[in-house]
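Novice: Just dropping this structure here.
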Amino acid sequence: MSAKQDRRDKLASRAVQIGFLVALIGLWYFGTAYWGISRILLPNPVNVWHELKDVLSSGEYLPDLKVTLMEVAIAFTISCTTGVTLGYVISRSQFLIKVFEPLLAGFYSVPIILFLPLYVLFFGLGPGSKIALGTTISFFPIVLNTIAGFGYVDKIFITAARSMGASDVQMFRYVLLPAAFPVILTGLRIGFTVTLLSILGSETIASLAGLGHKIVHLAEAMETARMFAYIAFAVVIAASLNSFVSSLERRAKHR
Amino acid sequence: MNRPLNLKREIVRRPALARLVVLAALFLLWEISARWWIDPTFLSPPSKVVAGLGELFYTRGIPRALQITFWELAVAFVISVVVGLVVGLAVGLSRFSNRSLMPIILLLYGTPQITILPLFILYFGIGPPSKIAFGVSHGIFPIIVTIVAGVQNIKPILMTAAHSMGASRWQIFRWVIFPHMIPTFFAGMRLGMTGVLLGVLLAELYVSSAGIGYFTQLFTQAFDPTKLLGLVSVLAAMAIVLNEIVRRAEVHFGRWRTD
C-alpha cells in the first residue's frame, strides 16, 4: 500500500472518530433540549458544563478528592511493600514458589469485591474498609508479578555471576533486580489501576466521603447535572493517574 | 531402597501436600483467633460458618436471591459474548473500521465504569436489569478486544493462500478465520466472565431489592458474621466454579494449536 493511500486512510478514520464524537454530543444536546428527554434522566450538556465549571472554580471537590487520593495512597503503599517483600521471600526457593504461587493465583481468581461487606463489618463505613479492599485487591497482581520476576531469572545469568564470584549483594543489585524489575513494574502498574478502581467502587457502594460517595450522594438527590459533572471529573482524574503511572512504567523500563 | 518415613522430606517432594498444610494452618489460625481473640459480633470461626450454611439456605429469600444473582450472571454473560463476538468480528475483519473504531472502544474500556454505576440504576431501576446491564458493560470490552486481536493474529499467508486457491469470502471465514478464532474466542470468554462477575457483583452490592446484595447488607447491619461469611463463601464458590468452567473450556479448545 502506498504512503499516500495510507495517509488518506488515516485521515478517513480520524474523520470517523470525530464524526462519532460530534454525533454523540449532538444527539445528547438535541435529545435533551428539543426532544423532551427528562432532565432527571439525562441533563443537558450545556448545564453539565456549567456545573463542571462551578465545581472546579468553587473548589468544592477538594475534600472528597483528598479522601479518595489518601485512601489510594495508603492502600497502594501497603500492598506494594507487603506484595514485593513477600514475593521476594517466596521467590528465593523453588519449593516455596511451587507451594504458594498456585494458592495466590487461585485466590486472585475470586472476585475480591465480595469481601467488601466483611470489611465494612470489620472496619466500618469510613476509609478503613476502602483501604482494606484496595490493599487486598492490589496485593495479588503485585505479589504474583514479583514472584514471576525474581523466581524465573535465567539460570545461566545466576551461574555466570556466581562463577565470577559475585557476592549476595552484587547478585541482587546487578543480576536479580535488573532481570525482575520490568515484570515487577507491570505488577505495580496493574496493582495501582485496580486499587484506584476498587476504592472508587467501594466508595460508591458504602462510604462516608470521597469522590464515589459524592457521585452517589448527587444521584440520590436527583441532581443529575452536577452528578454528570462529578462523573466527568472522576473519570478525568482516574484516567490521568492511570496514564501517569503507565508513562512512569514505560520510562523506567526503557532506561 | 528402604525409605524411612521422613515427613519433612515427603513434604518437600510434594508441594501439593505442603499447599494443603498451608491452607489448613490458615483455617486453624482463623478458627483460633475467631474463638478466643476477636469479638464474635465481627468474626465467626469457620466451623460455625460451615455449620451455619444449612440454616443460611433456609433463610427466607436466600435461595431466591442466589437464583436471581446466578440468572443475572448468565444473562449478562450470554449478552456480552454474543454482542462482543459480533462487534469484535465487525471491527477486526475490516482494516478501516478497526482503525477508526478501535481507539473509541479502547477509550471506553479504559474509563472506570464504576463511576457511572448510579446512572445504570437511574436508567434500569434497582432490579435485575441494571445488574445485567452493568455486568455487560464490564464483560463486553475484554471480549471485543480479544476477538479483534485474534482476528488480526491470523497469519496473512493463510489468507493469501486461501485467496489464491479461489476461496470465497464465506469459505475463508468458515475454514480459515473460524478455526483460528476458537482459542481466542474462549480466551475472550474467560476474560469476559471475570468482567461479568465483577460488574454484576458490584451492582448487586451497590443496591439490590431481592438479590444477594440485599442480604449482605442485611447481615452486615445485623452484625451476623456467621451468615455473612457463609453467603460470601457460597458466592465465592459460585464465582470459582464459573471461572473454572470457562478456563477448562479455553484449555480444551485451545489444545489443537501447538505453535
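FYI, it's all coordinate maths here, none of it is from the lab. All figures in this text were calculated on a predicted structure; none of them were measured in a lab. Virtual Cβ from ideal backbone geometry, glycine too; neighbours counted across all protein chains shown.
Novice: Take the alpha carbon gyration tensor of segment A:58-254, find the square roots of its eigenvalues, order them as a ≥ b ≥ c, and report rounded if a/c is under 1.5; if not, report prolate when a/b exceeds b/c, else oblate.
Specialist: prolate
Novice: Among all stretches of chain B without exposed trypsin sites (Lys or Arg not before Pro) (DSSP loop, at most 13 other Cβ atoms within 10 Å), which one is longest? Mind dumping the intermediate values first?
Specialist: Details: sites that count: B:Arg60, B:Arg255, B:Arg257.
Between exposed loop sites, the widest span is B:61-254.
Novice: Restricting everything to alpha-carbon atoms, can you work out Rg to Rh for chain B with a Kirkwood hydrodynamic radius?
Specialist: Here Rg/Rh amounts to 1.10.
Novice: If you take the beta carbon distance between B:Val50 and A:Phe123 as r and set R0 to 25 Å, what does 1/(1 + (r/R0)^6) give as a FRET efficiency, to the nearest 0.05? Can you show the working numbers first?
Specialist: Numbers: r = 25 Å, r/R0 = 0.98.
With R0 = 25 Å, the Cβ-Cβ based efficiency is 0.50.
Novice: Of B:Pro46, B:Pro63, B:Pro156, which has the largest mean-square fluctuation in a 10 Å C-alpha GNM of chain B?
Specialist: Greatest mean-square fluctuation among the candidates belongs to B:Pro156.
Novice: Right, here's the next one. Over all distinct Cα pairs, what is the inverse of the mean 1/r for segment A:159-236, reported as the Kirkwood hydrodynamic radius in Å?
Specialist: On the way: mean 1/r = 0.0626 Å⁻¹.
The answer is 16.0 Å.
Novice: Below 13 angstrom from the Cβ of B:Ala65, what's the summed charge of the other residues (Lys, Arg +1; Asp, Glu -1)? Working shown, then result.
Specialist: Working: positive: B:Arg60, B:Arg64, B:Lys131, B:Lys227; negative: B:Glu72, B:Glu204.
My count for the surroundings of B:Ala65 gives +2.
Novice: So how far apart, in nm, are the two label points at B:Trp71 and A:Lys4 if each is 7 Å from Cα heading toward Cβ?
Specialist: 6.2
Novice: Of the residues B:Val246, B:Val234, B:Val196, which exhibits the maximal mean-square fluctuation in a Gaussian network model of chain B defined by a 10 Å Cα contact cut-off?
Specialist: Ranking B:Val246, B:Val234, B:Val196 by mean-square fluctuation puts B:Val234 first.
Novice: Please report, in Å, the Rg and the Dmax of segment A:1-148, where both are computed over Cα atoms only.
Specialist: Final numbers for Rg and Dmax: 24.3, 68 Å.
Novice: Here's a follow-up. With a 10 Å Cβ neighbour count serving as the proxy for reagent exposure, in which order, fewest first, do A:Phe233, B:Phe219 appear?
Specialist: Working: A:Phe233 20, B:Phe219 23.
With the sparsest Cβ surroundings first, the list reads A:Phe233, B:Phe219.
Novice: Given Cα pairs under 8 Å that are at least 6 residues apart, what percent is the relative contact order of chain A?
Specialist: Numbers: 257 pairs, mean separation 64.2, N = 255.
It comes to 25 percent, rounded to a whole number.
Novice: What angle, in degrees between 0 and 90 and rounded to the nearest 10, separates the Cα long axis of helix B:46-58 from the longest principal axis of the Cα atoms of chain B?
Specialist: The answer is roughly 70 degrees.
Novice: Give me B:Ser80, A:Ser167, B:Ser100 sorted ascending by neighbouring Cβ count inside 10 Å, so fewest comes first. Intermediate values should be presented prior to the final figure.
Specialist: Values: B:Ser80 28, A:Ser167 10, B:Ser100 22.
Listing B:Ser80, A:Ser167, B:Ser100 from fewest to most nearby Cβ atoms yields A:Ser167, B:Ser100, B:Ser80.
Novice: With runs of 4+ DSSP H residues as the only contributors, calculate the mean residue ellipticity of chain B at 222 nm using -39,500 (n - 2.57) per run, divided by the residue total and rounded to the nearest 500.
Specialist: On the way: 12 runs with 200 residues, N = 259.
One gets -26000 deg cm²/dmol as the mean residue ellipticity at 222 nm.
Novice: Estimate the FRET efficiency between B:Val241 and A:Lys98 by the formula 1/(1 + (r/R0)^6), using the beta-carbon distance for r and 25 Å for R0, to the nearest 0.05. Display every interim value, and only then the final one.
Specialist: Numbers: r = 25 Å, r/R0 = 0.99.
According to the calculation, E is roughly 0.50.
Novice: Return the sequence-ordered ³J(HN,Hα) values of segment B:75-92 in whole Hz as given by the Karplus equation 6.51 cos²θ - 1.76 cosθ + 1.60 applied to θ = phi - 60°, using x for Gly and Pro.
Specialist: Listing the rounded values in order: 5, 4, 5, 4, 4, 4, 5, 5, 5, x, 5, 4, 5, x, 5, 4, 6, x Hz.
Novice: Residue by residue through segment B:174-186, what is 3J(HN,Hα) from phi via Karplus (6.51 cos²θ - 1.76 cosθ + 1.60, θ = phi - 60°)? Round to whole Hz and write x for glycine and proline.
Specialist: 5, 9, 10, 5, 4, x, 6, 7, 4, x, 4, 4, 6
Novice: A further question follows. Would you mind giving the mean number of other chain beta-carbons within 10 Å of the Cβ of each residue in B:104-114, as a whole number? Please report the intermediate quantities before stating the final value.
Specialist: Numbers: counts 5, 0, 0, 2, 0, 0, 6, 7, 13, 4, 15.
Taking all residues of B:104-114 together, the mean is 5.
Novice: Oh, and also: With the crude spin-label approximation of a point 7 Å out along Cα→Cβ, what separation in nm comes out for B:Ala25 versus A:Leu24?
Specialist: Roughly 5.1 nm, to one decimal.
Novice: Using the number of other C-beta atoms within 10 angstrom as an exposure proxy, rank A:Thr195, A:Thr81, B:Thr115 with the fewest first.
Specialist: Details: A:Thr195 31, A:Thr81 11, B:Thr115 25.
So the residues, fewest neighbours to most, are A:Thr81, B:Thr115, A:Thr195.
Novice: Only Cα pairs within less than 10 Å get springs; with that Gaussian network setup on chain B, which residue of B:Phe215, B:Phe186, B:Phe124 has the largest fluctuation?
Specialist: Its mean-square fluctuation being the largest, the pick is B:Phe124.
Novice: Ranked from highest to lowest mean number of other Cβ atoms within 10 Å per residue, what is the order of the peptides B:83-89, A:74-80? The partial results should precede the final answer.
Specialist: Numbers: B:83-89: 19.4, A:74-80: 21.1.
In descending order of packing, they fall as A:74-80, B:83-89.
Novice: Same structure again: Picking from A:Leu62, A:Pro43, A:Ala23, whose Cα lies most toward the positive end of the charge dipole for segment A:1-78 (charges on Cβ: Lys, Arg +1; Asp, Glu -1)?
Specialist: Farthest towards the positive pole: A:Ala23.
Novice: With charges only on Cβ, +1 for K and R and -1 for D and E, what is the dipole size of the protein assembly as shown about its Cα centre, in debye, rounded to 20? Working shown, then result.
Specialist: Numbers: 43 positive and 24 negative charges, 400 e Å.
So the magnitude is around 1920 debye.
Novice: Now, a different point. Once the dipole of chain B is set up with Lys and Arg at +1 and Asp and Glu at -1 on Cβ about the Cα centre, which of B:Pro225, B:Pro183, B:Ile132 lies farthest towards its positive end?
Specialist: Farthest along the dipole direction, towards plus: B:Pro183.
Novice: Cα convex hull of the protein assembly as shown: mean projected area in nm², to one decimal? Provide the component values of the computation, followed by the final result.
Specialist: Numbers: hull surface 132.6 nm².
Its Cα hull, projected and averaged over all orientations, spans 33.2 nm².
Novice: Could you derive backbone 3J(HN,Hα) for segment A:224-241 from the dihedral phi with the Karplus parameters 6.51, -1.76 and 1.60 (θ = phi - 60°), listing whole Hz in sequence and x where the residue is Gly or Pro?
Specialist: So the Karplus estimates, Gly and Pro as x, are 5, 4, 5, 4, 4, 4, 5, 4, 4, 4, 5, 4, 5, 4, 4, 5, 6, 4 Hz.
Novice: Let me ask something else about it. Find which of B:Gln171, B:Thr59, B:Val241 sits farthest along the positive direction of the dipole of chain B, computed with +1 on the beta-carbon of Lys and Arg, -1 on that of Asp and Glu, about the Cα centre.
Specialist: Result: B:Gln171.
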